[in-house]
Structure formats: structure tokens, C-alpha cells
1. Treating only the Cβ of Lys, Arg, Asp and Glu as charged (+1, +1, -1, -1), what charge dipole size does segment 44-177 show about its Cα centre? Round to the nearest 20 debye.
2. By how many degrees, 0 to 90 and rounded to 10, does the Cα axis of helix 294-307 deviate from the longest principal axis of the chain?
3. Based solely on its DSSP helices, what 222 nm [θ] is calculated for the chain when runs of n ≥ 4 H residues each add -39,500 (n - 2.57) and the sum is averaged over all residues, nearest 500 deg cm²/dmol?
4. Rounded to the nearest 10 degrees, what's the angle between the helix 385-397 long axis and the longest principal axis of the chain, both from Cα atoms, 0 to 90?
5. Among S384, N408, G372, which residue has its Cα positioned farthest towards the positive end of the charge dipole of segment 349-411, with +1 placed on the Cβ of Lys and Arg, -1 on the Cβ of Asp and Glu, and the dipole taken about the Cα centre?
6. Order these by the 10 Å Cβ neighbour count, fewest first: M363, M458.
7. Measure off 7 Å from each Cα along the Cα-to-Cβ vector at K223 and S171, then give the distance between these two points in nanometres to one decimal.
8. Mean separation of Cα pairs under 8 Å and 6+ residues apart, divided by the residue count of the chain: what relative contact order is that in percent?
Amino acid sequence: MHLRFLASDELGGRYTLAPNFAIAARYLAAHLEAYGYRGVGDKGGFLQSFDVVSIRPESAKSSLELTFGDKTGTYGLGDFFLSRSGTSGSAEGQIIFVGAGISSSAQKHDDYAGLDVKRKIVLIAGGTPAGIDSSRLAENEQGEGAARAHGAVGVLQLAQERYAEFMRDKSFQERAAQRETVRLAKDGEGALPALTLGPDLADKILSTGGMKLKSIYEAINEKDSLKPKVLNVSARMTISVQTNRVTTQNVAGVLEGSDPQLKNEYVVFSAHYDHLKTSPKGEIYPGADDDGSGTSALLAIAHAMSLNRPKRSVLVIFHAGEELGLLGSQYNTDFAPAIPLNQLVVDLNMDMIGRSKPPGDQMKADEHLSDGKTVYLVGSNRISNELHEISEETNSQFQRMKLDYYYNDPNNPERIYYRSDHWNYAKHGVPIIFYFDGVHVDYHRPSDTVDKIDFNKMTQIARLVFETGWRIANLDHRLKTQ
Ligand SMILES: [Zn+2]
């Protein structure tokens, strides 16, 4: 039984940076090989390795000094937070507010127009003004990349609105000051020292330009509503972090299609096989549902496909680093795709498909956990209506589950469409469906264990995903997009 192996104590919760994570990878690779798949990772093997960097802030050595007129104040971690790039370094200069901080000639938007930010520190509000497609912005057209391209020496960022309140919380601040963040390693990046301002400090700085954080949040997504401004305050920032570079891996294999032409197109099935770090007290997070369920189902689907090859090829990919910020799928899309993205017809991604709400369960945390016959689908109609129709039709012919689109509402606060690996494919225009059982009380807890899995439901979803993928793999045309 795949799930009992993957969620075992011996695998320790499958944390991407843990040494025994590679054992899970070997297990998946060995099965794909046995099913007759061809490796599309490194050197024709199944492991697609990539480097990540883990970053720990060094509180005592990190500070921000602000000078307003003749007054100088010093601030520490908690007043601000480290940004994801987490580079050690220091910078000194006047602060210039640059609105959304986007500079894209292709999209005819330049927040830096007419500004001289050379040797200055820029303050970026973030957000995406109306009319900008953030998925088409290159690295040097936004955020730190754009700041560096314009000669800035440091970056201050405003927190996203939905995090601003948490940041006032002392225990949040303490945890953030300890927290390990992990990102993909990039070579020769020369990132700028950067940090995210807590809401109080942000207001203090913004007030020197007659602005308020609250009004910036209101204006952030409107077109041209945030005007750049030179602020009457200068900063000296010193950031110190410990970094540790680790190699990890996705597991990827291809089953070649039976049609000589159509085999150049790929139906992708995906799940993430990583989960969370064992706590300092030794508590293991088995991640039976998240995403042991999707991983086990993916093995079963890979096997079933191999018994009767479809016309198109099948790419099965188990992503690593999902819990750290969709890193494995980011690597396979933004950095070095195992198969060129324009050959991918669809991605069917499963993450948490093994739980159902027990009868009589009144817990608030289980409010949106689906029952044994229901599965949430997210994204099926966003890129290809035809995909949505095929998915609905396939279900009504075979599994007859209840397909629930609650989390597909663009206004749903959980923003699930952006929260698992399918998003990295969708942002490149690959049609996707995400299969999900809903948030529940054991989510990201040591209690996400195998005994709570509804195997009957998990099997039904795996069959639905298989049948939907099978149909798309044998279509006489490529899925229409729009
Ligand atoms: Zn997950």
C-alpha cells in the first residue's frame, strides 16, 4: 500500500530538505520504472534535481535605521520582516516610493518613469494595477529585479493587506524572526538587500509623503492611482541571514503515446510528495491526506495508463517543495521544464483527495470538508471551457461524484487556484484542473494520519482523474483554450 509507506514514521513527514526525503523519491521512481515509464529527469533518470536555499534571519545582526530630518530611530526584526530573497547585505540612501514598482515596456507601464533611483532605496507597494498581467512580467520588470535594473541599492516592501494585521501580533513577530524560508537557488542573481515593513513602520514612513497604508491598499489595484514620490526620509539597512543550499528533486516520467503525431503532446498528471518538517520536539507530520493521498493516487493512475497506452503521451510528475512555496513546479515551469511547456495539453493536479466529513461532524474547522461523494474542482473553466465540459461529461458517465465549485469562485478568500502546483502551469497558459477535498481540522497537523483516510472516496477521485485524462489524451484535437 503506497500511502502506508509514504506516510510512515520512517519517512519522517517527507520534508523537502530532510535527508530521508530522497527515499520517497526513489520509491516513486522505482514504481514508474516498473510501469514502463521513461525518466525525463537528470541524465535520462527519473529524478529532476534542483537546488534550494534555506534562509534564517540573524536578528541581532539585522537592523533598519531611519532618519527623518534630524531625528534618527533604529528598528529591528518584528518592526520589519525579511523578504523572500533573503540576501545579506547593507544599503544606505534616501527612500523613494515607486508605487507598484513595475517597469514593463511590453505592457506600457513604468512606475520608474522620470525617477532617478540610483543609489537610493525604493519603497514598493506591490499589487497589480488594473491592465497589468502579472504572469507576463519578467523578473527585471517588477519588485527587486526592476529596482536593481534602475540602479537602486535596497528595497523596502509594504506587506500584503491580508498579512498586515497578523504582523502586529507579538507571537507572530517572534516566530517570523526565527522562521526558515526556502526558495529556489538562482545563480549570479546579485539580489538587493530587501525587507518587508510591518504596518506601523510602513505608516510612519509613508506619512512623510502624506500617505497612509490604508489608502494605498484601497488604490493598489487601480490603474495609475499610485504616484511615485520622493520621501523625506533616509534609511540605513543592514540585513544578516544564514543561508544553506540543498539539492532536492522532483520525480518525472513519461509514457510515450501510441499515435506517431499526437505523442508529441502530453497530458500531465501531478501531485506533491513533500510535506512538513518534523517539529523540534520530534512530532512527525505524516501528511497522509496532504498530499500522500494525491501521490498514491498518481501512482495508481500512472500504472493504469501503462496498461493501455493512449494516443498522446503522459507526463507523470511528483513535485517537491510544494509546501515551501510551490518550488518544484516553479522549477519545472519557470526554470527547466522536463518537457517544453507548449507541448503540455493539460495538467490534472491532485492535492488532498483522501478525506471526507464524518457524519455528525460539527467542527468549524471541517465546515468545508466535502462528504464521501463530493470533490472540489478548481480551475477547470478558467483557461479552457472545453476542458470543463469534458470533465463534467466524464464524471456523469462514470463516477457520478458531486463536483463542487465552491473554491473556484475567484472571490473565495482561500484563493485555492493559486495555492498548489497547478498554478505554475496555469500561469503559463496550460489548462488545469485541481482536485481537492477541502480544508479540514487535521490540515498541517501531526494528526493528518492514514487511519482517517476515506479510501473509497480517494479511489473514486483517482478514477475520475484517470478517465478525464484518458479522454483528453485520446481526443482528435488539442483542447481549445478560452
Ligand atoms: Zn498540499
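1. On the way: 14 positive and 17 negative charges, 22 e Å.
In debye, rounded to 20, segment 44-177 gives about 100.
2. 40 degrees
3. Numbers: 12 runs with 111 residues, N = 482.
Mean residue ellipticity, 222 nm, calculated: -6500 deg cm²/dmol.
4. Between helix and principal axis, roughly 40 degrees.
5. Looking along the dipole axis, the top candidate is G372.
6. Numbers: M363 11, M458 25.
Exposure proxy ranking, most exposed first: M363, M458.
7. Here the modelled spin labels are 4.6 nm apart.
8. For the chain, the relative contact order is 19 percent.
Each value in this text was obtained by applying a stated rule to the coordinates, not by laboratory testing. Note that this is a predicted model, so its numbers are computed, not measured. With ideal geometry, Cβ positions are generated from the backbone for all residues, glycine too; neighbour counts draw on all protein chains shown.
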